[in-house]
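Heads up: the structure comes next, in structure tokens.
The values are calculated or read from the model by the stated rules, or taken from the named source; none is laboratory data. Bear in mind that the values here come from a model prediction, so they are computed numbers and not experimental data. We place every Cβ from the backbone using ideal geometry, glycine too, and count neighbours over all the protein chains shown.
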Amino acid sequence: MIGFNEETKTFFLNGKNFTYAMRVNSDGYLTHCYYGARVPECDFRYFKPEWVKSFNPGIPDSKHIYADIMQEYSTAYLGDFREPALVPEDERGARVADLSYLSHEILPVKPAIGSGIPTSRGGETLVIVLSDKNTGLSVKLFYTVYDEENILTRRAEIINGTGSTVTLRRALSATVDYYDSDFELMTLEGHHAREKTPEFTKLHHGRTSIGNIRGTTTANHANFTALLRPGTDEEKGEVFATSLIYSGSHYESVEVDESGRCRVSTGINPESFAWKLENGEKFETPELALCYSNRGLGQMSRQYHDFFRNYVINPRWVYTRRPVVLNSWEGMHFSFDRQRLFDTIDALKDSGIELFVLDDGWFGARNNDKAGLGDWFVNEEKLPGGLIAIADRCKQNGIKFGLWIEPEMVNPDSDLYRAHPDWAIAVPGRPAVPSRNQYVLDFSREEVVDYIKKLMYKVISESGASYIKWDMNRPLTENWSYALPADRQGELQHRFVLGVYSLAKYLTESFPDILFEGCSGGGARFDGAMLAYFPQIWTSDNTDADDRTVIQLGTELVFPMSSSSNHVSLSPNIRNGRIICADTRTNIAYGGIFGYEFDVAKYPKEEFERIKADVEKYHEIDDLILRGDLYRGCNRTEGNECVICVVSKDKKRAFATYYQALNPHKQNPRFKIPGLAGDKIYHIAELDVSVPGAVLSNLGICMPRVKKDFASYTLTLEAE
């Protein structure tokens, strides 16, 4: 997996299907050699491409120029004018670092990030130390190979050994160089209720960048990129992808230089970041997961899915069957009292629904979104007997109880804010910027996080809940803290994220048998780091089945179906008024962790009566959702139809879904089923026919014509 050739000073990191190679050149720089399909170990010194040299500065005491070398962790202002990974500023204002190889070691077990940023679990890890011999600044680069998943993780640790203060103006997780730029860039863009829509951009000279300075992952741009070779589709072509395991402001760019090379840069967004390092201190960047696929986007997705399931998501929950929930939000919003909750819970008895989630509105003066956040005590006027009375009512009806929280926020109309106005992120002398009538608590301050830890522990331990939905409904603004001096205000956003991780770690470890679900106005904080605490995340506030075909596609390009929380809601849809039949709303929600959002009093009787059978069907396939491989046929970003199939690892079982948006007024649908074993015969339960897998994948099966819009089919397949 990890090897070093002493003679050529070359490192080889080999996965099942890829090789990542770098070497120490004659000038002492750690240079990138190769990343791509697996190749034999060789002496890369034979490969001497010529780059554009005119007016590019030379390396002191060397015949080479900086533009010739592709540094593994690049710096700025010396002669490599491409995007840098590191920009340290010394007390004089100089922003130069010249990093050369110092040493390396191979550790048997992957070390954790000491500051508390989640990382993937792992074994053998290469650590390379680079040093600036002029100043004493050093960088440790960490590499871990996940060979079966064809994943390589990278991160950096910057250590100040200069004897004085250094301010990091930029500290990315990684830069990766490619010898050419014959790629299309794939990103995931969107907004609230339209998360993770695939977007494709042809590379051009200069920088193409995405990211945000909102303080959280956000729905607008996912912290993901993929470089696609021409002609790449679901099952063919080379893909080089990155997914940042981080929940704050992020930055991704691809730069094409004058020689046609391209460089991918990823990490914390430098626009909203600066970090002061005293002598002897270190800064650790988030981890980046690089994925190589030589069989298209489908293989990329399956490799990322296995990586997150095997090495990121809590083993306690990753393969544990999840309860089918009814969440109160779309059905009730803030308009409930104890009797309405009791009536709802009583109606759920024997329905098939297994857990009732009480969403926003149960605490403080929280009868709308203008008051109460931060006052985490039960509104006894609204709910006499407290939460435990609701939990007991659930228990009496044979279901479990779940609870919504939003611990990072505060309303100005709250006891907490009146007592501690300085605990909210704001700039003195300026009017505070509201969003959703709330402010963000300053989680860069330990005393604030510690206070919320105690409150949340008390709430959860006394609630009777077995499920917690953790929401976060606004970005960070102002970016100023009472607790930080002027020269450290650039640290606020990252310190805020560390505070979130500290609270999440504390609560999930304090309540190991409670299932935590993440949420951020839907899927705005759906990232690998949050999956370390929340095995499932609410994918979007948009529950419309047609919109969800695209939202779930984008989410599941990177993250496993078992992490994507999907609910059936009323029709017409509360968000867009679209009318879609119950079959399709159910079938699309089956593509992840299944649940419901509705008002029991308004839910059509015939739809309520089918819930038990729909839940039973889901439990027949939920092991496939938890463990299986996802294959995509056509998808809604390309046309009117979409096809997905989740297949067991041994290829013996499969569950396939076909969806058409508009009735095309043509022949009946031809449904090709991807991912099946060509040499197996599959029995299709719904049609009572048996067909070879190769035929189903290449010819397909003809389904009865559906003379309506937004129609769907599901098929359950088992090898004979």
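State all residues of segment 1-12 that are surrounded by fewer than 20 Cβ atoms within 10 Å (Cβ to Cβ) and either of a type outside the set (Phe, Trp, Tyr) or on the phi > 0 side of the Ramachandran plot (or both); if no residue qualifies, say none. Before you say what the answer is, go through the steps one by one.
Within segment 1-12, the subset surrounded by fewer than 20 Cβ atoms within 10 Å (Cβ to Cβ) is 1-9.
Within segment 1-12, MET1, ILE2, GLY3, ASN5, GLU6, GLU7, THR8, LYS9 qualify.
Selection of segment 417-461 for residues being surrounded by 14 or more Cβ atoms within 10 Å (Cβ to Cβ), of a type outside the set (Lys, Arg) and under 24 Å from ILE390 (Cβ atoms) yields ILE452, LEU455, MET456, TYR457, VAL459, ILE460. When segment 658-681 is filtered for residues that are in contact (Cβ under 8 Å) with a residue 40 or more places away in the chain and not in a loop (DSSP other than H, G, I, E, B), the ones remaining, listed by number, are TYR658, TYR659, GLN660, PHE671. Filtered by the rule that a residue be basic (Lys, Arg) and under 19 Å from the mean Cα position of the chain (by Cα), segment 118-151 gives a lone residue, ARG121.
When each of ASN294, ASN279, ASN269 is tested for being surrounded by fewer than 19 Cβ atoms within 10 Å (Cβ to Cβ), closer than 30 Å to GLY554 by Cβ, touching a residue at least 24 places away in the same chain (Cβ under 8 Å) and not assigned by TED's automatic domain parsing to the domain that holds SER520, the lone residue that passes is ASN294. Only residues that are surrounded by 21 or more Cβ atoms within 10 Å (Cβ to Cβ) and among the small types (Gly, Ala, Ser) were counted in segment 254-266, giving 1.
Looking at segment 384-433 only, could you name the residues that are closer than 20 Å to PHE496 by Cα and not in a loop (DSSP other than H, G, I, E, B)? First the steps, then the outcome.
Start the filter on segment 384-433 by keeping residues that are closer than 20 Å to PHE496 by Cα, which leaves 405-412, 416-417, 420-428, 432-433.
ILE405, MET409, VAL410, LEU416, TYR417, PRO421, ASP422, TRP423, ALA424, listed by residue number.
Scanning segment 679-691 turns up at least one residue that is buried (at least 18 other Cβ atoms within 10 Å of the Cβ), under 20 Å from LYS617 (Cα atoms) and modelled with pLDDT of 95 or more.
Being part of a loop (DSSP other than H, G, I, E, B) and either at pLDDT below 95 or buried (at least 19 other Cβ atoms within 10 Å of the Cβ) (or both) is the filter here; which residues of segment 576-591 pass it? Once the filter is applied, which keeps residues that are part of a loop (DSSP other than H, G, I, E, B) and either at pLDDT below 95 or buried (at least 19 other Cβ atoms within 10 Å of the Cβ) (or both), segment 576-591 yields ILE580, TYR590, GLY591. When segment 82-94 is filtered for residues that are in contact (Cβ under 8 Å) with a residue 40 or more places away in the chain and either surrounded by fewer than 17 Cβ atoms within 10 Å (Cβ to Cβ) or on the phi > 0 side of the Ramachandran plot (or both), only GLU91 remains.
Residues that are surrounded by fewer than 17 Cβ atoms within 10 Å (Cβ to Cβ), in contact (Cβ under 8 Å) with a residue 60 or more places away in the chain and within 21 Å of ALA711 (Cβ to Cβ) occur in segment 596-614; there is at least one.
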